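Let me begin by presenting the structure, written as structure tokens, before commenting on it.
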Amino acid sequence: MLALAIRRQQGSLDLISQMRKAARPLQNTDRLFDLVLTPMKSDDLRVRGAAIEVDLAANNLSKTPRTVARLLKLIRKDPAGALRPVRLGALGNRGVQPKLVLTTCHIRA
């Protein structure tokens, strides 16, 4: 579905949204990682958003305060975990403890 979204196939973004709401588990593979990276450079913000949703699902990161707490703990334990702050920011951007995420990201920067 993400590959179709990259090519701006009509309806693909809706399917990704439905998949995320259904909370179907995804298998995080190198191919999926590559598919997520490509749309992050898209000029279409909807495609970028879909890629973030797929990445969160593939990494079993639910949109909950508990997930934010878990990511914060991992970031403090291993600051070199490059994608953890990005995923934390994605959660904050989606309304999960945005003030805490913003404060944490601001301190790290």
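The values are calculated or read from the model by the stated rules, or taken from the named source; none is laboratory data. Just so we're clear, the structure is a prediction, and the values are computed from it rather than from any experiment. Please note: Cβ atoms are built from the backbone with ideal geometry, for glycine as well, and neighbour counts cover all protein chains shown. With ligands, DNA and RNA removed, areas are computed over all heavy atoms of the protein, side chains included. Shrake-Rupley method; radii C 1.70, N 1.55, O 1.52, S 1.80 Å.
What number of residues in the range 36-68 are in a helix (DSSP H, G or I), over 10 Å from the mean Cα position of the chain (by Cα) and within 16 Å of Val96 (Cβ to Cβ)? Even if it seems obvious, please write down each step before you answer.
Our first condition is that a residue be in a helix (DSSP H, G or I); within the range 36-68, this holds for 36-41, 45-58, 65-68.
In the following step, the residues that additionally are over 10 Å from the mean Cα position of the chain (by Cα) were identified as 37-41, 45-47, 65-68.
Next cut, within 16 Å of Val96 (Cβ to Cβ) only: 65-68.
So the answer is 4.
Given the conditions (1) open to solvent by 20 Å² or more (accessible area, probe 1.4 Å); (2) over 12 Å from the mean Cα position of the chain (by Cα); (3) at pLDDT 90 or above, which single one is not true for Leu71?
Every listed condition holds for Leu71 apart from (1).
Could you tell me how many of the residues in the range 81-102 are surrounded by fewer than 12 Cβ atoms within 10 Å (Cβ to Cβ) and either over 23 Å from Ala51 (Cβ atoms) or modelled with pLDDT of 85 or more (or both)?
2
Return the only residue of Asp43, Asp34 being modelled with pLDDT under 80 and acidic (Asp, Glu). Explain how you work it out, then say what you get.
On the way: Asp43 fails: modelled with pLDDT under 80.
Selected residue: Asp34, the only one of Asp43, Asp34 that is modelled with pLDDT under 80 and acidic (Asp, Glu).
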